[in-house]
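Participant: Structure incoming, see below.
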Amino acid sequence: MTLNHPPATHRGDRALRPERRTGQQTAVGARIVDIAALREDGSMVVGQRRVPAMPLFDAAFSAFAQGTLIQTDTGQASIEDLQPGDRVLTSDGEMSEITWIGSAVFAPAENASKMPLTRIVADSFGVSRPDSFISLGAGARLLQPLPGMSGGREGQQVMTPASAFVDGVNVIGMSPPTPVRLFHIALRRHAAIIAAGLEVESYHPGRDPLRNVSQTLSDVFMTLFPHMDTLGAFGAVRFMRFNPGDEDLTAA
């Protein structure tokens, strides 16, 4: 499986209303998202939030398509049937507790909400990897060896966007004609979740994801994680990340 390298943003606190730029007007829409979080005392917070339709926010809700089978300690379960407190299998062979689940509907008719999907055919990355076709959103990253690594890093596994593997045969990019509900899940620590036999990254916002956004947007972003006082509660980024167009790996 080879990588494609398509050509490889963010401002202010006017996220929920039109923003005017030189010579044109760009409207940033909003969407309603669903969240469920597990507090340290074992209680659960379930609710909805209204957030701007921006990459920072979309990434938290756009990994797994509805119906994706996740390996749990009681067998495979559809992503939409999971809840915080359930335990899922990770790539290191351990079970890890879900602490947060987010989901949102992405509608193709909304310009700001278009969400490309990556559909992966069974056995594309090896026998039973995946074990059936799987559809992933733009926020999904796969734990895979990166081709062309050198300097002693040959075979190093890194988190790479699923869309980077699109080849038009076994891994197909598509734009769904109807609205789709996508999910993401966070664990006690950054890990690769076993989904239909593939290792898919659990949600982690990365290092200092709010450094280039306004205080208003930072506050809205933090409301997505009511079980945390700070984003530091996500813990360390355990896997290097690669983005097509980057010259090197990053832990961001």
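Participant: Scan the range 107-129 and tell me whether some residue there is open to solvent by less than 10 Å² (accessible area, probe 1.4 Å), more than 15 Å from residue 35 (Cα to Cα), in contact with a Leu (Cβ under 8 Å, 6 or more places away or on another chain) and in a loop (DSSP other than H, G, I, E, B).
Facilitator: Checked against the condition, which is being open to solvent by less than 10 Å² (accessible area, probe 1.4 Å), more than 15 Å from residue 35 (Cα to Cα), in contact with a Leu (Cβ under 8 Å, 6 or more places away or on another chain) and in a loop (DSSP other than H, G, I, E, B), the range 107-129 yields no hits at all.
Participant: Also: For the range 231-245, indicate whether the set of residues that are of a type outside the set (Asp, Glu), in contact with a helix residue (DSSP H, G or I) (Cβ under 6 Å, 6 or more places away or on another chain), closer than 22 Å to residue 116 by Cα and modelled with pLDDT under 95 is non-empty.
Facilitator: Checking the range 231-245: at least one residue is of a type outside the set (Asp, Glu), in contact with a helix residue (DSSP H, G or I) (Cβ under 6 Å, 6 or more places away or on another chain), closer than 22 Å to residue 116 by Cα and modelled with pLDDT under 95.
Participant: Within the range 31-67, can you find the residues that are open to solvent by 20 Å² or more (accessible area, probe 1.4 Å) and assigned to a loop (DSSP other than H, G, I, E, B)?
Facilitator: Scanning the range 31-67 gives 39, 40, 41, 42, 43, 59, 66, 67.
Participant: Of the residues in the range 204-239, how many are polar (S, T, N, Q) and assigned to a loop (DSSP other than H, G, I, E, B)?
Facilitator: Total meeting the criteria: 4.
Participant: Here is a further query. Every residue in the range 68-106 that is β-branched (Val, Ile, Thr) and assigned to a loop (DSSP other than H, G, I, E, B), please.
Facilitator: Once the filter is applied, which keeps residues that are β-branched (Val, Ile, Thr) and assigned to a loop (DSSP other than H, G, I, E, B), the range 68-106 yields 68, 74.
The values are calculated or read from the model by the stated rules, or taken from the named source; none is laboratory data. Here the structure is a predicted model, which means the values were calculated and not measured. With ideal geometry, Cβ positions are generated from the backbone for all residues, glycine too; neighbour counts draw on all protein chains shown. Surface accessibility is based on the protein's heavy atoms, side chains included, excluding ligands, DNA and RNA. Shrake-Rupley method; radii C 1.70, N 1.55, O 1.52, S 1.80 Å.
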